[in-house]
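The values are calculated or read from the model by the stated rules, or taken from the named source; none is laboratory data. Small disclaimer: the values here were computed from a predicted structure and weren't measured. Using ideal geometry, Cβ is built from the backbone for each residue, glycine included, and neighbour counts are taken over all protein chains shown.
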Amino acid sequence: MEKKRVMFICIHNSGRSQMGEALLRHLAGDRFEVQSAGIEAGTLNPLVVKAMGEIGVSMEGHYAKKAMDFVSRGEHFDYVITVCDESNAERCPMFPGKHVRLHWGLPDPSALAGTDEEKLAGIRPIRDAIEARVREFIASE
């Protein structure tokens, strides 16, 4: 069986899209080939990595990538899932070929203020919301 290709996109590929990629790969990597990218490339948020580690999901080897690099290479995806707010979702590049575009509006972990512990506490519900959406997505496929 050929794996369906999924692309998660957010602003900087530093948090939400990375969590989506890691969770889908962790939960159903046998069924999906998954990537993530940003409208712009940022830096992977170390608190996101820590939050994912808390639930046993490794982000080893993850790094921020630009969506336009995938577009320029002509890569095709079956699903393109934006995980940023609505206004920024409109800035996402158009990928070639036919695909289903989904939007999961989620808060930006990089916008959280406070100490690292306070930010981590704010990231956990975002992580859990992404996991719930990923599980729903897997069940629908």
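Key figures
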read-out: Qualifying residue in the stretch 63-84 (condition: in contact with a helix residue (DSSP H, G or I) (Cβ under 7 Å, 6 or more places away or on another chain), closer than 24 Å to residue 136 by Cβ and of a type in the set (S, T, N, Q)); value: yes
read-out: Selection status of residue 136, of a type in the set (Asp, Glu), outside any loop (DSSP other than H, G, I, E, B), out of contact with any Cys (no Cβ under 8 Å at 6 or more places or on another chain) and crowded, with 18+ Cβ neighbours inside 10 Å; value: no
read-out: Residue among 24, 102, 120 that alone is among the aliphatic types (A, V, I, L, M) and at pLDDT below 95; value: 102
read-out: Among the residues listed as 57, 83, 34, 49, the single one being within 11 Å of the chain's Cα centre (by Cα) and at pLDDT 95 or above; value: 34
read-out: Selected residue (only one of 72, 58, 36 is more than 17 Å from residue 134 (Cα to Cα) and of a type in the set (Ser, Thr, Tyr)); value: 72
read-out: Pairs, first free of Cβ contacts under 8 Å to residues at least 60 places away in the same chain in the stretch 47-58, second in a loop (DSSP other than H, G, I, E, B), C-beta under 7 Å, six or more apart; value: 49/59
read-out: Every residue from the stretch 41-82 that is part of a helix (DSSP H, G or I) and hydrophobic (A, V, I, L, M, F, W, C); value: 47, 48, 49, 51, 52, 67, 68, 70, 71
read-out: The stretch 109-132 residues that are under 17 Å from residue 81 (Cα atoms), paired with ones that are surrounded by 14 or more Cβ atoms within 10 Å (Cβ to Cβ) and of a type in the set (D, E, K, R) (beta carbon under 8 Å, 6 or more apart); value: 126/16; 130/16
